[in-house]
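Structure first, then comments.
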Amino acid sequence: MIKLTNVAGTNDYTTSGVNYSLMTYCTKMLESSTSSQTMKDLAQATIDYGTAAQIYFNYNASGLSVDSRVTSVTLSDLEQYKGVFSGTLPTGVTKRTLTALFEEDNSLRIYFTYDSGYTPDMYTYTIDGKSAPIHVKHGENGDEYYLEVKGVQSNKLGKTHDLTISNGSTTYTITVSVLTYARSSVSNGTTDRQNLGKALYRYYLAAKAMFGE
């Protein structure tokens, strides 16, 4: 549960409820004389990430711009998070795609594409050495299948996970973190996507400084 405390002179409370947002909270942390510098750094990184996300998804983005705190991040800063891929994709598996989601919690997904005549249940999967289920996402263009690492804490976005797919004789291992996705965004994305990856990296550094690893 999050406890919201009103601040004198503001209009956070209305007749219909509480008018509050994460951006509002972070702004108050920056203005507070009692906030630690580490807390202020996290608040600023959160604002910067939110701004980059709004621009990338074109959500209330009019007039917004990304600060040099974000744009100054380089690909070399993220090079240590490059994915490691070992082994050989089992027969029938034609593609694997990395993505990250930031909804109720942070999660990491690897999508697999299969040849005609091959189905996901013909393979076994693991995450960090433990058997894992393959999930299905139904869409207008067909079903998509993926492995997922859920609930990645903000201060652990750089932690690597081993995801494998095997047909019993051939095993393929993918060693990645959420920041592998951020690195890919900086390496291959449009300017807005690059800035989103850079802002995510800064957010991780601030969260790690605040909460430890």
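The values are calculated or read from the model by the stated rules, or taken from the named source; none is laboratory data. Being a predicted model, the structure only gives us computed values, none of them experimental. When we count neighbours, we look across all protein chains shown, and the Cβ atoms used for this are built from the backbone with ideal geometry, even at glycine. The area values use the complete protein model at the heavy-atom level, side chains included, leaving out ligands, DNA and RNA. Shrake-Rupley method; radii C 1.70, N 1.55, O 1.52, S 1.80 Å.
Quick notes
- If only the Cβ of Lys and Arg carry +1 and only the Cβ of Asp and Glu carry -1, the dipole of the stretch 73-183 around its Cα centre is close to 320 debye.
- Distance from the stretch 44-105 to the stretch 153-213 (C-alpha centre basis), Å: 8 Å
- Angle of helix 191-211 to the longest C-alpha principal axis of the chain, folded into 0 to 90 degrees and rounded to 10: 70°.
- Over the chain, accessible surface divided per residue gives 58 Å², non-protein components excluded, 1.4 Å probe.
- Heavy-atom accessible area, probed at 1.4 angstrom with all protein chains present, ranks MET122, MET23, MET29 as MET122, MET23, MET29, highest first.
- Accessible surface of LYS156 - all protein chains present, 1.4 Å probe, nearest 10 Å²: 70 Å²
- Mean residue ellipticity (222 nm) of the chain, computed from DSSP H runs ≥ 4 via -39,500 (n - 2.57), nearest 500: -10000 deg cm²/dmol
- In terms of accessible area, using a 1.4 Å probe and ignoring ligands and nucleic acids, PHE57, PHE112 rank largest first as PHE57, PHE112.
- Accessible surface, 1.4 Å probe, highest first, among residues THR99, THR190: THR190, THR99
- Sequence-separation-based contact order of the chain, relative, with Cα cut under 8 Å and 6+ spacing, percent: 23 percent
- Taken one residue at a time, the phi angles of the stretch 88-101 give Karplus couplings (6.51, -1.76, 1.60, θ = phi - 60°) of 10, 4, x, 3, x, 9, 9, 7, 9, 10, 9, 8, 10, 10 Hz. Gly and Pro are set to x.
- Farthest toward the positive end of the dipole of the chain, out of TYR25, TYR111, LEU89, is the Cα of TYR25, where the dipole comes from beta carbon charges about the Cα centre.
- Label point 7 Å beyond Cα of THR99 along Cβ direction - residues of the stretch 120-159 with amide nitrogen under 17 Å: 134-151
- Hits among lysines - C-alpha to C-alpha of LYS198 under 19 Å, sequence gap 8 or more where chains match: LYS40, LYS82, LYS156, LYS159, LYS208
- Note: the stretch 152-210, Cα convex hull, 81 Å³ per residue.
- Its Kirkwood hydrodynamic radius, worked out from the mean inverse distance over all distinct Cα pairs, puts the stretch 114-213 at 15.6 Å.
- Cα principal axis extents for the chain, largest first, Å: 67, 42, 33
- Heavy-atom accessible surface of the chain: percent carbon and sulfur, 1.4 Å: 48 percent
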